[in-house]
Amino acid sequence: MKNQGNEMKTILALSFCLAMGAALSAGQKYGPVDNRDGMFIVFGGPGGYNCTLDEHFPKVHAKMMEIGFNTYQLTHDSVWDFEKGAPLENVPEHFANNKAFFALCERDEVSIQARIMGVWGSNEKALYAKYPRFNPDGTKVQNKKGEYLKFDTCNPDAIAAYAKWAEWFGRTFPSPNVVMVEPSNEIFDKWTVSFTPAMTNAWRAYSGRELPKELDEYAKDKSVLRQPKMWKRVKDFPKNRVVPDDYPILDFHRWAWKYGFGWAGFNDAMSAAYSKGIGREIPGTFAPALRTPPLFGACGHMGQLRSWAYVYPEPYRLASTAALLQSRTRGTDAMIIAGVQGASYRSKMAPKDEKVANPPKWLEETPNTAYPTTPPDMIEEAYWASICRRVDGVSIWGLKALVDIGKYQPMPKGYRKGNFNQCSNPETIERVGKFFHEVVIPLGPLVRAVPEREGRVAILESYASQILGHRVTWDCEGLAYEVGTLATVANLMPYVMTEEEVEKNGVPAGIKVILAPDCDVLTQSAYEKLAAFQARGGRIVANGNLCPALKIDAALPDPGNDKIATKDDYDDGNGKKTRDAHVRDASVMRAAAELKGIVGRWAPLYADTDDGHIFAHVRSYKDADYVFAINDKRGYGDYVGQWKRMMEK
């Protein structure tokens, strides 16, 4: 470990780790985590697709307690008739199952994050036809089969119908262990505004203008409802690519993400209704929070934001997830939960249609799974990359990929041959439990409490560039995310700031260098603050498409952001594998070293290592430094390494 410039004083904790987890206060039992002392360890699983809440659930629960989870994200069984707006008749077993679930959690002090939308096996779709959404031409939003797609979340009657259920659920199961309510989940992926008279009037009241003329192109290009035409295709677009803060189509989409889509208000309304029913204020939680542009409030006024990522192509990319969540919650008291997927896409690490010379044993028992278990070493490193940043907890999803569910509840004959989530590596969940108990439970309160250091290097996320450049991502992808990952490797401890933050507050005084990936369009206010930053000696490192009104002080190295190779990538005519995992790893290491050298000219690193595969992150409190060092020296193992998509060992 190298220290730059004799700035580090007392090192209280040095953790060389390939480790994972979260923890509670010393001596505290598991959950319920309703304070700032302990750390959430969230298991996203009980109910619904993952497992049943019947008489067999206590077996699953016992296993989760053994591993060390202290919080459940509950997807409950159907107890509500959305068509009649009343409890379902003739389903007493569902009432009993829910009551038994809450009783188990109360007995073992497990916190509950109760999910409102997505009632498993319900007739929730009855609301879709009753409160349809509309396209700009007045037609109803339907798929090719004529099915309605969700409901109008801006319709007050629809909100009231759902709120009735949320209030009833809170009142009927008033468990003291409920600490969060999750109104909705995974709903931003392809969402658009419902063009009703009420919505149009709301836009007029907000902006004082009619709907932007660009929306008239809906008939030719439906994507304009989610993202407008790319700036490159807009006639007479400003040559310096600086637009007014209220540039009409940009302003409309800013309003849409915060208000017009309806989900922010819906989430707030459901949290309020559930709180009314249960008789106390229950904060809302939303996931995945990063499937939105970098805008404050796009998920509603939530008390907790969660997001998850897959561990490939590099497990340390989870540090970027945490940093992005920090940027979305800055200035609020919202908590952050960083999560990983316990199931991985087989196509990314062990393609089914590609044969290998030494096939692993798991192919014999689960030959058809599309979602095998995430490799244990990868998940350990991913979680440590998460908690080296200041977060309030960690989560994991994918019960059927983590345990053989047939050992806990009845399953159809031959289920292990199915193509759904399958536990192909039982070592993963055991390793998770080992590190919960041996590494992280003693350190969790400390890890949660120690603040981040004042940033020296920032990554700029430009809302204008994402919207006008068609870069609203599905979660953890895109150049901003990849550059964040690269900055982690370079030991830059990056501070992620949004364009909206810059517009309002300017660039923080401690920032010396800004990494500006794909920041090709800026608002006037953001441009002025960034120009002032450069005028006072700040530097901008960017790729070649930076907004031309600003100066590029150095070129941003290519982070090697090609995704893991697909089969077609190998069919290059000569059989040469040019994108194996070790090739990408070498590319990332070269780019990180180059970036470290560039940034180091203007902002010396606070901590560094003499090995490119050991990454350092430092958090500090008063005169004490807390140093995290992540060992990323990986090679090909015998679980999925045969395909060379991933160095998992």
Where the second residue is open to solvent by less than 10 Å² (accessible area, probe 1.4 Å) and not in a strand (DSSP E or B) and the first is within 14 Å of Glu477 (Cα to Cα) and of a type in the set (D, E, K, R) and lies in segment 309-330, which pairs have Cβ atoms under 6 Å and are six or more apart or on separate chains? Arg317/Thr485
By residue number, the members of segment 265-284 that are open to solvent by less than 40 Å² (accessible area, probe 1.4 Å) and not in a helix (DSSP H, G or I) are Ile282, Gly284
How many residues, within segment 265-322, are among the basic types (Lys, Arg) and under 10 Å from the mean Cα position of the chain (by Cα)? 2
Report yes if some residue within segment 629-636 is open to solvent by less than 50 Å² (accessible area, probe 1.4 Å), charged (D, E, K, R), at negative phi and touching a helix residue (DSSP H, G or I) at 6+ places or on another chain (Cβ under 8 Å); otherwise report no. yes
Whichever residue in segment 72-83 is modelled with pLDDT of 90 or more and of a type in the set (D, E, K, R) and, among such residues, is nearest to Ile278 (Cα to Cα): Asp81
Of the conditions (1) within 16 Å of Gly393 (Cβ to Cβ); (2) crowded, with 21+ Cβ neighbours inside 10 Å; (3) among the β-branched types (Val, Ile, Thr), Val311 satisfies every one except a single condition; which number is it? (1)
Among residues belonging to segment 147-190 that are in contact with a strand residue (DSSP E or B) (Cβ under 8 Å, 6 or more places away or on another chain) and of a type in the set (Asp, Glu), point out the one that is surrounded by the fewest Cβ atoms within 10 Å (Cβ to Cβ). Glu186
Within segment 212-264, restricting to residues that are among the basic types (Lys, Arg) and open to solvent by 60 Å² or more (accessible area, probe 1.4 Å), the one that is farthest from Ala202 (Cα to Cα) is Lys239
Working carefully through the options Val507, Val521, Val502, find the one that is at pLDDT 95 or above and in contact with a Ser or Thr (Cβ under 7 Å, 6 or more places away or on another chain). Val521
Any residue in segment 109-116 that is in contact (Cβ under 8 Å) with a residue 12 or more places away in the chain, on the phi < 0 side of the Ramachandran plot, in contact with a strand residue (DSSP E or B) (Cβ under 7 Å, 6 or more places away or on another chain) and open to solvent by 20 Å² or more (accessible area, probe 1.4 Å)? yes
Output the residues belonging to segment 120-147 that are part of a strand (DSSP E or B) and closer than 27 Å to Gln73 by Cβ. Trp120
If we scan segment 103-117, do we find a residue that is outside any helix (DSSP H, G or I) and either closer than 30 Å to Lys220 by Cα or of a type in the set (S, T, N, Q) (or both)? yes
Does at least one position in segment 452-474 carry a residue that is at pLDDT 90 or above, surrounded by fewer than 19 Cβ atoms within 10 Å (Cβ to Cβ) and within 21 Å of the chain's Cα centre (by Cα)? yes
Considering only residues that are within 23 Å of Glu281 (Cβ to Cβ) and surrounded by 19 or more Cβ atoms within 10 Å (Cβ to Cβ), look in segment 84-108 and name the one that is modelled with the lowest pLDDT. Asn98
Determine whether segment 157-174 contains at least one residue that is out of contact with any Leu (no Cβ under 6 Å at 6 or more places or on another chain) and modelled with pLDDT under 90. no
Among the residues of segment 602-614, count how many are touching a strand residue (DSSP E or B) at 6+ places or on another chain (Cβ under 8 Å) and not hydrophobic (A, V, I, L, M, F, W, C). 5
State all residues of segment 571-604 that are open to solvent by less than 20 Å² (accessible area, probe 1.4 Å) and modelled with pLDDT under 90; if no residue qualifies, say none. Asp580
Restricting the first residue to segment 601-630 and requiring it to be over 23 Å from Ala382 (Cα atoms) and part of a strand (DSSP E or B), which pairs with a second residue that is open to solvent by less than 40 Å² (accessible area, probe 1.4 Å) and among the aliphatic types (A, V, I, L, M) meet a Cβ separation below 9 Å and a spacing of at least six or different chains? Tyr621/Val450; Ala624/Ala13; Ala624/Val450
Please identify the pairs in which a residue from segment 49-68 that is within 13 Å of Pro410 (Cα to Cα) has its Cβ atom under 6 Å from the Cβ atom of a residue that is at pLDDT 90 or above and surrounded by fewer than 18 Cβ atoms within 10 Å (Cβ to Cβ), counting only partners at least 6 apart or on another chain. Thr52/Gln409; His56/Gln409
So Asp246 fits all but one of (1) free of Cβ contacts under 8 Å to residues at least 60 places away in the same chain; (2) in a helix (DSSP H, G or I); what number is the exception? (2)
Could you list, ordered by first residue, the pairs with Cβ atoms under 9 Å in which the first is in segment 159-183 and farther than 25 Å from Arg107 by Cβ and free of Cβ contacts under 8 Å to residues at least 12 places away in the same chain and the second is surrounded by fewer than 23 Cβ atoms within 10 Å (Cβ to Cβ) and aliphatic (A, V, I, L, M), at least 6 apart or interchain? Ala160/Ala269
Sole miss for Gln227 among (1) without any contact (Cβ under 8 Å) to a residue 60 or more places away in the chain; (2) more than 26 Å from Phe40 (Cα to Cα) is condition (1)
Those residues of segment 385-435 which are touching a Ser or Thr at 6+ places or on another chain (Cβ under 8 Å), open to solvent by less than 50 Å² (accessible area, probe 1.4 Å) and among the aromatic types (Phe, Trp, Tyr), in sequence order: none
Residue by residue through segment 167-211, note down the ones that are under 30 Å from Asp246 (Cβ atoms), of a type in the set (Lys, Arg) and in a helix (DSSP H, G or I). Arg204
Search result, residues across segment 369-384 that are open to solvent by less than 10 Å² (accessible area, probe 1.4 Å), more than 19 Å from Asn631 (Cβ to Cβ) and not in a loop (DSSP other than H, G, I, E, B): Thr373
Mind checking which pairs have a first residue in segment 126-150 that is farther than 19 Å from Tyr218 by Cβ and a second that is hydrophobic (A, V, I, L, M, F, W, C) and in a loop (DSSP other than H, G, I, E, B), Cβ under 7 Å, 6 or more apart or different chains? Ala126/Phe82; Leu127/Phe82; Leu127/Phe151; Tyr128/Phe151; Tyr131/Phe151
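The values are calculated or read from the model by the stated rules, or taken from the named source; none is laboratory data. For clarity, every value in this text was computed on a predicted model and none was experimentally measured. Positions of Cβ are backbone-derived with ideal geometry, glycine not excepted, and every protein chain shown enters the neighbour counts. The accessibility values were calculated without ligands, DNA or RNA, using every heavy atom of the protein model including side chains. Shrake-Rupley method; radii C 1.70, N 1.55, O 1.52, S 1.80 Å.
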